[in-house]
1. LYS298: which aspartates and glutamates have alpha carbons under 17 Å from its alpha carbon, excluding same-chain residues fewer than 8 sequence positions away?
2. Starting from 0.36 nm per residue, how many nanometres of slack lie between ASP211 and SER64 once their C-alpha separation is accounted for?
3. Need the C-alpha centroid separation for the range 246-299 versus the range 4-40, integer Å.
4. What are the aspartates and glutamates whose alpha-carbon lies under 20 Å from the alpha-carbon of LYS214, with same-chain residues fewer than 8 places away excluded?
5. Once you keep just the Cα pairs under 8 angstrom separated by 6 or more residues, what percentage relative contact order results for the range 1-118?
6. Past 25 Å, Cα to Cα, is the threshold; run LYS70/LYS259; LYS27/LYS189; LYS55/LYS149; LYS52/LYS113; LYS6/LYS34; LYS164/LYS240 against it and keep the listed order.
7. A 27 angstrom limit on the alpha carbon distance is what I want to check against. Which of LYS71/LYS207; LYS175/LYS244; LYS41/LYS297 exceed it?
8. Connecting C-alpha atoms closer than 10 Å in a GNM of the chain, tell me which of GLU212, GLU74, GLU21 has the biggest fluctuation.
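Just so it is clear, none of the values below were taken in a lab; they were calculated from the coordinates. Owing to the predicted nature of the structure, the values given are computational and were not obtained by experimental measurement. Using ideal geometry, Cβ is built from the backbone for each residue, glycine included, and neighbour counts are taken over all protein chains shown.
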Amino acid sequence: MVNFLKKEPKLFNGILSFNIENDETKKVVNFYKKTPFPNYKESDNRQSILIKGDKNFLASQFKSFIGHKKKILEVGCGTGQLSIYFAIGSNNEVVALDPTIDSLKLAQNFSKKNNVSNINFINADIFDDVLKNEYFDFIWCNGVLHHTKDPYFAFEILVKSLKKEGYILIGLYNKIGRLRTIFRRYVYKIFGSKILENIDPTLRNLKLDEDEKKAWIRDQYTHPIESLHTIDEVLNWFKKNNIKFISSIPSADFDFNYKDIFTPKSEGSYFSRLFNQFSMIFNSLGSDGGLFVLIGKKE
Ligand SMILES: C[S@@+](CC[C@H](N)C(=O)[O-])C[C@H]1O[C@@H](n2cnc3c(N)ncnc32)[C@H](O)[C@@H]1O
């Protein structure tokens, strides 16, 4: 038995695999099969993934906070770019799970070609609960649970595999902060994708190639399963599962210093949380799809 799994996998193309049986998950898999997310550029290599990861202020803080000889899990890793970033140049053991085998094949090919060996890919559905309990020091799950049939149940399963004193980062679409994207989705439905190049900040400001643009548009505007959440809802998930709140983006109170997201911050009040989520409609946090992030520590 593989040490981080509690069920016996099959080996498929060198990837530890489980059958994907659930109909909702199959829908999501079919969706990502067409345009695996995020896509690799022809020119991507160890160096370019490192540069991209270092530019991502959340991922780079996460990586330096982790330190060494730790066990890290990414759930919903897609093509594995972040997990590969966490693995490069470290002696950490990284496990990256996703139900979309087509995305994992890209991840596996990339890590083989670039000699990233401290990473294992698992083809599985989070709901199949295949991971060992209390095994990981860090769990990263960003932009995933809102694409599942039952985000809270998925969270409960995830938390089981986190060690005591371990950290978890959850990123979800915000009920208020995603309003701009929802508005653009209506515009897209009426006028088509051309107009998005002018009104979607990611398409307008980032230098994406055609494949990356296509993947972004499909992911943001045509996804078959999507739910919206709030900071208060996730705080409640944390409370029910013995997870202590560490920090959030946007902030839960009025401390907007995001340079030290692993230092415990105040949970603020219902009003401060509501105000900061509402502000996402007008500030840069809501321009990129309206994701919000909470970090917690298992007690
Ligand atoms: C928007 S992508 C995000 C990919 C990556 N986390 C990122 O931030 O770039 C959502 C990912 O969630 C995965 N996913 C969806 N349903 C899942 C499930 N039931 N179990 C595990 N992963 C799932 C999809 O296969 C997809 O790779």
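1. By straight Cα distance, LYS298 reaches GLU74, GLU134, ASP137, GLU156, GLU165, GLU267.
2. Once the chain is fully extended between ASP211 and SER64, it gains 49.8 nm.
3. That distance is 31 Å.
4. Hits, sequence-local ones excluded: GLU42, ASP44, ASP102, GLU197, ASP200, GLU226, ASP288.
5. Computed over the range 1-118, the figure is 26 percent.
6. Too far apart for the 25 Å limit: LYS55/LYS149; LYS6/LYS34.
7. Cα-Cα > 27 Å for LYS71/LYS207; LYS41/LYS297; rest within.
8. Greatest mean-square fluctuation among the candidates belongs to GLU21.
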